[in-house]
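Structure first, commentary second.
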Amino acid sequence: MEFKTALFYVFAAIMILAATRVITARNPVHAALFLVLAFFNAAGIWMLLEAEFLAIVLVLVYVGAVMVLFLFVVMMLDIDTEKLRENFWGYLPVASFVGVIIVLEMAAVLWRSFLSFDPRPAPVASLGGTKELGMLIYTKYIYGFEIAAVVLLVAIIAAVALTLRKRKDTKHFDPADAVRVKRNDRLKIVKIAPVTTRGAAETEVKEAP
């Protein structure tokens, strides 16, 4: 067995174990960290396939941005994990059925691709690089690229809206009211007649008899 093949099996095994822990971990933060591990191993497999750009994008975008945002959302939201996992095993039959269908569909597509596989090496000019990928994204797949950007924008707005909800254990104020406040609303000067302690004591002494 070649060293490259052994590395592929190691990366694939760790990625499968990490993906399994993503759906079985009780703590959502631990599940997110296992997903980061799965992304790193997937990037390693991309490196073995000589797709360095895709591997770097997977690490920088998904691990460096999306997963960090997901971790912040999970930490800021007060998620009741016990309530979410009350009927976890009840969905196992439906999930298994859907999983089997997906595996069969992927097997059918891959088997047809293996039967029509051309063993001849592709020319170097047609290999995927940053220039070729950019030309495809901004010409042939421009609509899909713009739709993905809109979906990500909606997800960011939804994450911010979830963190700004009103909670009983936190103080909340309206920034617009804080900006519109005036000087007279913050400080009010009231004139009070001066009262001396000596005058009050003399009055008590006179009233005593």
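Criterion first (at pLDDT 75 or above and either on the phi < 0 side of the Ramachandran plot or over 26 Å from the mean Cα position of the chain (by Cα) (or both)) does Thr163 satisfy it? So that I can check it myself, show each step before the final result.
Values: at pLDDT 75 or above: no; either on the phi < 0 side of the Ramachandran plot or over 26 Å from the mean Cα position of the chain (by Cα) (or both): yes.
It is false that Thr163 is at pLDDT 75 or above and either on the phi < 0 side of the Ramachandran plot or over 26 Å from the mean Cα position of the chain (by Cα) (or both).
Which numbered condition in (1) under 30 Å from Gly134 (Cα atoms); (2) at pLDDT below 70 is the only one that Thr170 fails?
With (1) under 30 Å from Gly134 (Cα atoms); (2) at pLDDT below 70 applied to Thr170, the lone miss is (1).
Are there any pairs with C-beta distances below 9 angstrom linking a residue in the stretch 128-156 that is open to solvent by 90 Å² or more (accessible area, probe 1.4 Å) to a residue that is β-branched (Val, Ile, Thr), with the two at least 6 apart or on different chains, and if so which?
Listed by first residue and then by second, the contacts come to Leu152/Val66.
Does the stretch 5-16 include one or more residues that are among the polar types (S, T, N, Q), more than 24 Å from Gly99 (Cα to Cα) and surrounded by fewer than 13 Cβ atoms within 10 Å (Cβ to Cβ)?
Checked the stretch 5-16: at least one residue is among the polar types (S, T, N, Q), more than 24 Å from Gly99 (Cα to Cα) and surrounded by fewer than 13 Cβ atoms within 10 Å (Cβ to Cβ).
The values are calculated or read from the model by the stated rules, or taken from the named source; none is laboratory data. Keep in mind the model is a prediction, meaning the values are calculated, not measured. Neighbour counts run over all protein chains shown; Cβ positions are idealised from the backbone, glycine included. What goes into the accessible areas is simple: the full protein's heavy atoms, side chains included, and nothing from ligands, DNA or RNA. Shrake-Rupley method; radii C 1.70, N 1.55, O 1.52, S 1.80 Å.
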